[in-house]
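Coordinate-derived values only; no laboratory data. Computed from a prediction, not measured in an experiment: that's the story for all the values here. Because the Cβ atoms are built from the backbone with ideal geometry, glycine has one as well, and the counts that use them run over all protein chains shown.
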Amino acid sequence: MIGEGVGKLAATLGALAWLAYWTGRWYKEWYFAQFGIPYEVLGFSPPYYIFGSWATISTAIFALALFLVPLIFMRARLPMYFLISTALLGCAMVFQFRSPEFSPYAPIWKKILGSRDLTVMSTGLVATGLLVIACLRREEARDTVRRFKEAILRTGFIGIIAGFLLGWALLAIAGYAVGSYHGREAIWNGKMGTRWVRHEGRWWVFVVRPDEDRNFVFDRTRGRTKVVRDADLTEWGGPVTRAGGQDKQLHNQAAPSDGSLRR
């Protein structure tokens, strides 16, 4: 019995590790695609992709929670909790279209409101916390969650396979959305900590350094990426901003005025 339990645990952990690795590669593929870089040429190790999957997995889980929690409250007939959780879902959806522009110099709360993925995570976390509170205080909520769990367990092996495939599809959608979004915002608004670097008398967006003496830099005004050596990077600038730099001098050297910059 112990050996069987250990085998199931090992199989589960192996499946989750593979899913995290695949999610990280998928996310990074779409992230680097915004810079015109095929992720295959970077040659990162599996731990890099596994660690890089956290944003995609978190966004997918909390986005799912935002949709499931109101349904649980509606099923449990808890009007107050249902209205609050539905309002959270509505706020998250509105911010996907009307969120303020991200800025690396903004306070932390403005960075969260200016990040679509962080908005989904934070509102999803609040909705999950609301579900926990409801389960602690109301028998109807506990009973609904219990029946939901029992329904999943009754599906057996078929349910496990279906859940894995649905989870895979959800992560694929989230990986594409989050990776593309992070890449665009990194280029134009300094999300993901992108900084300016000077090369050949111009300011470029520093993308990544996959190994020793190989750096990928991106010219956003011309839309091209270049691989350069460490010695060819002559100066580091501040965080990337839409205007072109953190001060007037860097702005004048880095890029033309706002009116000539386009996504």
Test of understanding: in a Gaussian network model of the chain with alpha carbons linked when under 10 Å, which of PRO70, PRO104, PRO47 would top the mean-square fluctuation ranking?
PRO47
Just to confirm the filter: which trypsin sites (Lys or Arg not before Pro) across the stretch 155-223 are DSSP coil and have at most 13 other Cβ within 10 angstrom of their Cβ?
ARG222
Between 0 and 90°, nearest 10: helix 2-33 axis offset from the chain longest Cα axis
40
Whole-Hz Karplus ³J(HN,Hα) for the stretch 127-136, in order, using 6.51 cos²θ - 1.76 cosθ + 1.60 and θ = phi - 60°, x for Gly and Pro?
5, 5, x, 5, 5, 4, 4, 4, 5, 6
What is the local net charge at TRP236, summed over the other residues whose Cβ is closer than 9 Å to its Cβ (Lys, Arg +1; Asp, Glu -1)?
+1
Local electrostatic count at ILE173 - Lys and Arg +1, Asp and Glu -1, tallied over other residues with Cβ under 15 Å
-1
Answer label, with mean projected area of the Cα convex hull in nm² calculated from the coordinates and candidates (i) 13.0; (ii) 17.6; (iii) 14.9
(ii)
In whole Hz, the Karplus estimates of ³J(HN,Hα) for the stretch 106-122 (6.51, -1.76, 1.60; θ = phi - 60°; x where Gly or Pro) are 6, x, 4, 5, 6, 5, 5, 5, x, 10, 5, 5, 5, 5, 5, 4, 5
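Less than 13 Å Cβ to Cβ from CYS91, Lys/Arg counted +1 and Asp/Glu -1: what total charge do the surrounding residues give?
Summing Lys and Arg as +1 and Asp and Glu as -1 gives +2.
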Please list, in order along the stretch 37-51, the HN-Hα scalar couplings obtained from phi with the Karplus expression 6.51 cos²θ - 1.76 cosθ + 1.60 (θ = phi - 60°), rounded to whole Hz, x for Gly and Pro.
10, x, 5, 5, 6, 7, x, 6, 7, x, x, 4, 6, 4, 5
Give me, ordered by chain and number, the residues 5 or more places off PHE102 or on other chains with an amide H under 5 Å from its own placed amide H.
none
Sum of -39500 (n - 2.57) over DSSP H runs of 4+, divided by residues of the chain (222 nm, nearest 500)
-21500 deg cm²/dmol
Whole-angstrom gap from the stretch 202-227 to the stretch 109-125, using each part's C-alpha centre
28
